[in-house]
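Working notes, beginning with the structure itself.
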Amino acid sequence: MGVRAVKHTLSILVENKPGVLARVAGLFSRRGFNIDSLAVAVTEKPELSRMTVVVDVEEHSLEQVHKQLNKLINVIKVTDLPAENSVQRELVLFKVKTNPNTRAEIIEIVDIFRGKIVDVGSGTLGVEITGTGTKIKALEDLLKPYGVVECARTGMVALPRG
Amino acid sequence: MRMSGAEAILKSLEKEGVDVIFGIPGGVMIPLYDVLMDSKNIRHILTRHEQGAAHAADGYARATGKVGVCMATSGPGACNLVTGLATANMDSVPVVAITGQVGTHVIGTDAFQEADTTGITLSMVKHNYLLKDPSEIPEVMQEAFLIASTGRPGVVVVDLPVDVCRGELNFKYPEKRTRLPGYKPTTTGNARQIKAASKLIVSAERPVLYAGGGVVASGASQELRKLARLLELPVTTTLLGKGVFPETDKLSLGMLGMHGTSYANFVMMETDLIIAVGARFDDRITGRLDTFAPHAKVIHVDIDPAEISKNVKADIPIVGDAGKVLKEMLTALEPEVEAGKGKDLKPWHRLIREWKKEYPLLVPEGGLRPQFVVSEIYRVTKGKALIVTEVGQNQMWAAQFYKSTKPRHFLSSGGLGTMGYGFPAAIGAKVGCPDSLVIDIAGDGSIQMNVQELATAVIEKIPVVVAILNNGYLGMVRQWQELFYDRRYSHTDLQTNVSPDFVKLAEAYGAMGLRVTKPEEVAPALRRAFKARVPVFIDFVVEPEENVFPMVAPGASLDDMIGG
Ligand SMILES: Cc1cc2nc3c(=O)[nH]c(=O)nc-3n(C[C@H](O)[C@H](O)[C@H](O)COP(=O)(O)OP(=O)(O)OC[C@H]3O[C@@H](n4cnc5c(N)ncnc54)[C@H](O)[C@@H]3O)c2cc1C
Ligand SMILES: Cc1ncc(C[n+]2csc(CCOP(=O)(O)OP(=O)(O)O)c2C)c(N)n1
Ligand SMILES: [Mg+2]
């Protein structure tokens, strides 16, 4: 112990078959690796899916994660995507409390972050934002004082640059 | 060819060369059992518990090197298989299990005898399948055998819903695999790494070969022997590697680890180069990790990349098949040795000889000692028997005192340590190797965990000999209680003097039962048992509180041995 855990984004190409998600997720929990977020959907090839997993592990365990993932029969490829060499995005929906006095302010903040208002209710605004972890965190911090009622996140997805 | 799902399963098994299946039928398996009844090529052995079927398939596989096959019905049948499958997978044994499942339309409804077999086994097998359509059968069966037997061998479960079994398909067995884009085990070692390893080997002054179950799986025993003899390398083997190098050879150090020989453990602590082949640095062999082999560089040959540098960091990792890599190493090393390269290992061998002289493994005297029983079994069988063990002290004494000289002649549950493994595994081994003398060296506790297989052995005429080292205790646990819990024997007294009477038990099943209480009775009893053409239980009433020594206490450094 005493070794610093770092967040790593792993892109895992898998066969698009029933049960594959359970195999991958089960591996993480069984071997004691913590998942921060997990996003999964079919790729450009219908027979393949891509899972993007953000894990919190130290270097030695990261190697084990890689090797253990590669041992799963349905896993085709595992790539580590460092932030500097990849495009990483997450989409988040916030439901924020509003009243006639704060509505304009909130819209302005969302605008600055290039977010979108996707729903207007009697006492709430629906906000959509796409970006990296830090950008989303910054917006969240600004929205919190108004009251974030609910939030839903897709988890990070990522692709290598170039 | 048009046929039913059940016929397709059977046909696939025949295509894979399966000649025996161990199992028990049930409701959803009736269609498959129905076609099995008419098979001319496959023998089905009805065990009396599904755990017995799984262990028997495992024993068959370990003894023959072929894939073992077991079958069970849905729900309770599949659940009963699980321990046996986990046991096989932990020790990298190729087994294919076919489990019945409720119909596809009711899966997930808590239907009668429904269990989520693929879910339950997910984390403890190499791979599993839930068939959804009869047309998948040929590919899935072909893949199941391929995955079980290649790369690092393991267990594959094929879960077979009853309607898939009853449905129809056009059967065409794939010649080679058509799918599995993510499965490509590396078998050829990296040439540069092999070269670097060879350099390191000739420059070592205190090298040791540490070989494990992977050498058995690879069938690389000959190559390993060549390498050892070429450079005069001392060799130590794990519990699962026993026999890949003859323990009767002067280069052999026997088994290492928690109950290994003192000299093997000293060698590990003093060596400057560990050449690990098909062994996975299990905690039973490293002892305390941070003090393990402090002076050693490590060459690690393993077919599974995840094993390399998992517990002990490898300086030269070589991913590949043991046999192939060793061949390459020999090719690289032979000219070096001819050219007179290689260090003088005489001082190293001298040191090892001293350790061997000072800390030999000895049979204690007085009374009927379990160690004596094992050494008599060794003597009477001239070391030629196929030994299977249960788990506990009996297993360790078997490992210490039955010197192995051939691979696939010492079968034991190492990784999971499953009591009850030995007897059904012995049955499986005997079915696979009918000409071998198969002996299960058992404990009085372990044997009671699958004793129902006596009926299987008697009815199917599988004459295995079970040598029960009856100490009246769950001995290995009692030993820990004696040493580390102030002799507080909480629930380890089996009271076998009260129940059961193993002789009568054997006789009740139609087997032969013998009891031995004195040292001089051991050999005659063994000879009688080996001549009998029926299964035999020998109840060796041994010293109750004998301990297994040497012993590295859990968490202690490998050279810190009790009784060493
Ligand atoms: C009560 C008890 C006490 C025990 N005490 C001891 C003890 O004192 N000493 C001891 O040694 N064990 C002991 N064991 C057993 C121990 O727990 C382990 O099971 C054992 O040490 C593992 O053996 P292994 O390293 O050979 O690995 P295995 O489990 O046999 O693994 C084989 C390795 O070889 C690799 N492999 C497979 N195929 C190939 C191939 N073709 N080419 C190359 N590599 C391949 C695999 O990937 C794997 O890494 C004990 C068990 C019990 C239950
Ligand atoms: C299925 C199972 N349950 C419990 C254990 C824990 N355990 C390990 S050794 C042992 C004692 C075995 O007793 P016995 O078969 O009599 O062998 P002995 O040690 O006395 O030779 C026990 C209970 C185990 N390994 N497997
Ligand atoms: Mg006992």
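The values are calculated or read from the model by the stated rules, or taken from the named source; none is laboratory data. A quick note: this is a predicted structure, and the numbers were derived from the prediction, not measured. So basically every Cβ, Gly included, is an ideal-geometry build from the backbone, and we count neighbours across all protein chains shown.
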Scanning segment B:380-393 residue by residue, those within 16 Å of ligand 2 (Cβ to nearest atom) and either over 15 Å from the mean Cα position of the chain (by Cα) or within 14 Å of chain A (Cβ to nearest Cβ) (or both) turn out to be B:Gln393
Of all residues in segment B:210-235, how many are within 12 Å of ligand 1 (Cβ to nearest atom) and either within 14 Å of chain A (Cβ to nearest Cβ) or part of a loop (DSSP other than H, G, I, E, B) (or both)? 3
Number of the exception - A:Thr102 against (1) among the polar types (S, T, N, Q); (2) within 21 Å of the chain's Cα centre (by Cα); (3) at pLDDT 95 or above: (2)
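Identify the residue in segment B:1-46 that is over 27 Å from B:Phe112 (Cα atoms) and free of Cβ contacts under 8 Å to residues at least 12 places away in the same chain and, among all such residues, is farthest from the chain's Cα centre (by Cα).
B:Asp38
Can you tell me which residue within segment B:189-209, out of those that are under 21 Å from A:His66 (Cβ atoms) and part of a loop (DSSP other than H, G, I, E, B), is farthest from ligand 2 (Cβ to nearest atom)?
B:Asn190
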Specify the residue that is nearest to the other protein chains (Cβ to nearest Cβ); the eligible residues are those in segment B:292-323 that are among the hydrophobic types (A, V, I, L, M, F, W, C) and in a loop (DSSP other than H, G, I, E, B). B:Ile308
Filtered residue count, segment B:457-484, keeping only those that are part of a helix (DSSP H, G or I), more than 16 Å from ligand 1 (Cβ to nearest atom) and touching a helix residue (DSSP H, G or I) at 6+ places or on another chain (Cβ under 6 Å): 1
Only one of (1) more than 14 Å from chain B (Cβ to nearest Cβ); (2) in contact with a Ser or Thr (Cβ under 9 Å, 6 or more places away or on another chain); (3) among the charged types (D, E, K, R) is not met by A:Lys77, so which one is it? (1)
Is there a residue being closer than 27 Å to B:Val93 by Cα, in contact with an Asp or Glu (Cβ under 7 Å, 6 or more places away or on another chain), hydrophobic (A, V, I, L, M, F, W, C) and not in a loop (DSSP other than H, G, I, E, B) anywhere in segment B:324-345? yes
Inspect segment A:44-63 for any residue being closer than 23 Å to B:Lys126 by Cα, outside any strand (DSSP E or B), more than 10 Å from every other protein chain (Cβ to nearest Cβ) and not aromatic (Phe, Trp, Tyr) and give the result as yes or no. yes
Every residue from segment B:177-205 that is more than 28 Å from B:Met268 (Cβ to Cβ), over 29 Å from the mean Cα position of the chain (by Cα) and more than 14 Å from every other protein chain (Cβ to nearest Cβ): B:Ala191
Has segment B:391-400 got at least one residue that is part of a loop (DSSP other than H, G, I, E, B), within 16 Å of ligand 3 (Cβ to nearest atom) and touching a strand residue (DSSP E or B) at 6+ places or on another chain (Cβ under 6 Å)? yes
